[in-house]
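Below is one structure, written out as structure tokens, with a few remarks after it.
The values are calculated or read from the model by the stated rules, or taken from the named source; none is laboratory data. Quick caveat, the model's predicted, so the values are computed rather than measured. Glycine gets a Cβ as well: all are built from the backbone with ideal geometry, and neighbour counts include every protein chain shown.
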Amino acid sequence: MTESPQPGDLSFSPERMREIGYSFVDAIVEQFEQVRDQPAVCRRSRAEMEALFREPVPETPRDVNDVLSRVVNDVFANSAPLDHPRFFAFVPSPHNFISVMAESLMAARNVFMGSWMVSPGPSTVELVTIDWLRDLCGLPETAGGLFVSGGSMANLCALATARKVKLDDDMTDAIAYGSVQAHSSLDRALRVLGFKEDQWKHVETDDHLRLDINALRTMIEADLNAGLKPFCIVASAGTTNTGAVDPLNEIADLCVELDLWMHVDGAYGAPAILTKEGKEALRGLDRADSLSMDPHKWLFQPYEMGCVLVRERSHLLDTFHVFKDYMQDVVGEEEEINFRDYGVQLTRNFKALKLWMSLQVFGLDAFREAVDHGIQLARFTQHYLESEAKRDRWEVVSQASLGIICFRYLPPGIEDEQAIDAFNLALIDAMYDSGYAMVSSTLIDDRPVLRFCAINPRTTEDDIRSTIEKFEEMAIDT
């Protein structure tokens, strides 16, 4: 007989909770074990989903195992597994089991992370984990930060801080700069902060799709001569399109010369600093005034987990601290950090636990090897496409960079560029229909290309080869 919660109590006996918990853990383990055998793509219509889920809210209890089965078979089965080893689209989120369990513990304890008074232990773990990331990125001990939902919120917090420090919140004639390859979250953040569209200027890129420093200087000088107020340059440490890294040291030099704020968007790329190759590519990262990064990408954590770091942690406090009378009991001592004063959110959960626990269990070396694996997979992809057996059919459009590579198929007998574009988009659709791999397209020089982001530590060279071969099979049928 199924034991139901008491009306209004919303609880079970300890024995029943363990029984339910084992079922949930079994479902989690099965997902990790079976993800490779699942489709990497999910294409379902709104009508199909409405038919599965549209119903009145239940008034009476249902069996928990039936509900769990429905979640596994109907809900999760109708979503793309971003930890699939052949999920190459966008930026995957290949999480790990320890972090999943940490999320369960965090939810069970339901820690409130706004005030030191109610969470000194979790707050200290969060401070320590932030300092680990600060040290990895080479920022000084004065730096501090905050865990947030993702890169979008991290960029918003960073730019709000830049506005406060450099403009004292007076946005009149203020100008921020970033490359044409900069992430869309920056456009959105500046809009939310009240900047007009013409106050965010996109700078052209060089032959490697990095921000062109000479074009940037020319643009800033023209704006200064026009009486405008440049205040911030946004540098990309791994663009979403191609993995390109802007010239960080040159941008930092310009910011020092002109007293501008340097924000680095390293949402996916910053963790590459762990590796020898990544450290070389990211030279100058340590000179940022602010930095965004997403542990739910290349540090293998489940959603949501972003982080904003600021060179002077006091700038976050100056930007976001607000006092109300009802908070007087939780003000705390000066050395007690109340995270509500360092960002937008008052109510925050304990985001640091999953990263802290997985670093404790696996060790930093394992993360370093996992990040390097993604860098080398993209390099392997490039070498494979440029091999004698493949190069007559494939063109590498952007070189492998921080786990990303862009390329396109060259169908025999077709020379018209628009026809080649259409052919490559048709290949993407065919791959979606097959479910074998999730590969996204993007535009480079206004031409559609195929794009691999190969940062999953469980992706193999065979996964790369077989996906390319699958494209070739589809090309014959297209």
Inset, instruction - Report yes if some residue within segment 369-391 is buried (at least 19 other Cβ atoms within 10 Å of the Cβ) and part of a loop (DSSP other than H, G, I, E, B); otherwise report no. - result: no
Legend entry - Per-region count, segment 252-294, residues under 18 Å from residue 190 (Cβ atoms) and outside any loop (DSSP other than H, G, I, E, B): 9
Inset, instruction - Test residue 135 against the stated conditions and say whether it is within 22 Å of the chain's Cα centre (by Cα) and acidic (Asp, Glu). - result: yes
Inset, instruction - Output the residue which, of all residues in segment 211-241 that are over 18 Å from residue 182 (Cβ atoms) and of a type in the set (D, E, K, R), is surrounded by the fewest Cβ atoms within 10 Å (Cβ to Cβ). - result: 221
Legend entry - Neighbours by Cβ (under 8 Å, 6+ apart or cross-chain): first from segment 417-436, on the phi > 0 side of the Ramachandran plot; second of a type outside the set (Phe, Trp, Tyr): 435/39; 435/40; 435/41
Inset, instruction - Identify, from the list 67, 71, 91, 57, the residue that is loosely packed, with under 14 Cβ neighbours inside 10 Å, within 27 Å of the chain's Cα centre (by Cα) and either more than 25 Å from residue 19 (Cβ to Cβ) or not assigned by TED's automatic domain parsing to the domain that holds residue 465 (or both). - result: 71
Inset, instruction - Among the residues of segment 155-194, count how many are polar (S, T, N, Q) and touching an Asp or Glu at 6+ places or on another chain (Cβ under 7 Å). - result: 2
Inset, instruction - Looking for whichever is of a type in the set (Lys, Arg), at pLDDT 95 or above, surrounded by fewer than 22 Cβ atoms within 10 Å (Cβ to Cβ) and within 20 Å of the chain's Cα centre (by Cα) here; the options are 279, 297. Which one fits? - result: 279
Inset, instruction - Look through segment 333-369, keep the residues that are small (Gly, Ala, Ser) and under 30 Å from residue 459 (Cα atoms), and return whichever of them is farthest from the chain's Cα centre (by Cα). - result: 363
Inset, instruction - Would you check if there is a residue in segment 395-413 being hydroxyl-bearing (Ser, Thr, Tyr), surrounded by fewer than 19 Cβ atoms within 10 Å (Cβ to Cβ) and at pLDDT 95 or above? - result: no
Inset, instruction - Kindly indicate whether any position in segment 13-22 is within 30 Å of residue 269 (Cα to Cα), outside the structural domain of residue 460 (by TED's automatic domain parsing) and either touching a Pro at 6+ places or on another chain (Cβ under 7 Å) or surrounded by 11 or more Cβ atoms within 10 Å (Cβ to Cβ) (or both). - result: no
Inset, instruction - Look at residue 227 and say whether it is over 17 Å from residue 265 (Cα atoms), small (Gly, Ala, Ser) and assigned to a loop (DSSP other than H, G, I, E, B). - result: yes
Inset, instruction - Sort out for me the helices (runs of 4 or more DSSP H) sitting completely within segment 1-70 that have 3 or more residues that are aromatic (Phe, Trp, Tyr). - result: 14-34
Inset, instruction - Please work out which residue is farthest from residue 477 (Cα to Cα), limiting yourself to segment 423-466 and to residues that are touching a Ser or Thr at 6+ places or on another chain (Cβ under 6 Å) and small (Gly, Ala, Ser). - result: 437
Legend entry - Hits in segment 215-229 - residues which are of a type in the set (Gly, Ala, Ser) and under 33 Å from the mean Cα position of the chain (by Cα): 215
Inset, instruction - Inspect segment 402-418 for any residue being under 30 Å from residue 78 (Cα atoms), charged (D, E, K, R), in a strand (DSSP E or B) and out of contact with any Cys (no Cβ under 6 Å at 6 or more places or on another chain) and give the result as yes or no. - result: yes
Inset, instruction - Would you check if residue 451 is farther than 21 Å from residue 182 by Cα and either under 26 Å from the mean Cα position of the chain (by Cα) or touching a residue at least 24 places away in the same chain (Cβ under 8 Å) (or both)? - result: no
Inset, instruction - Check segment 31-44 and report whether any residue there is in contact with a strand residue (DSSP E or B) (Cβ under 7 Å, 6 or more places away or on another chain) and within 30 Å of residue 464 (Cα to Cα). - result: yes
Legend entry - Cβ-Cβ under 6 Å pairs, at least 6 apart or on other chains, segment 460-472 side assigned by TED's automatic domain parsing to the domain that holds residue 426, far side buried (at least 18 other Cβ atoms within 10 Å of the Cβ) and aliphatic (A, V, I, L, M): 467/437; 471/427
Inset, instruction - Output the qualifying pairs, or none if there are none: Cβ atoms under 9 angstrom, residues six or more apart or on different chains, first residue in segment 80-100 and free of Cβ contacts under 8 Å to residues at least 60 places away in the same chain, second residue polar (S, T, N, Q) and part of a loop (DSSP other than H, G, I, E, B). - result: 81/38; 82/93; 82/456
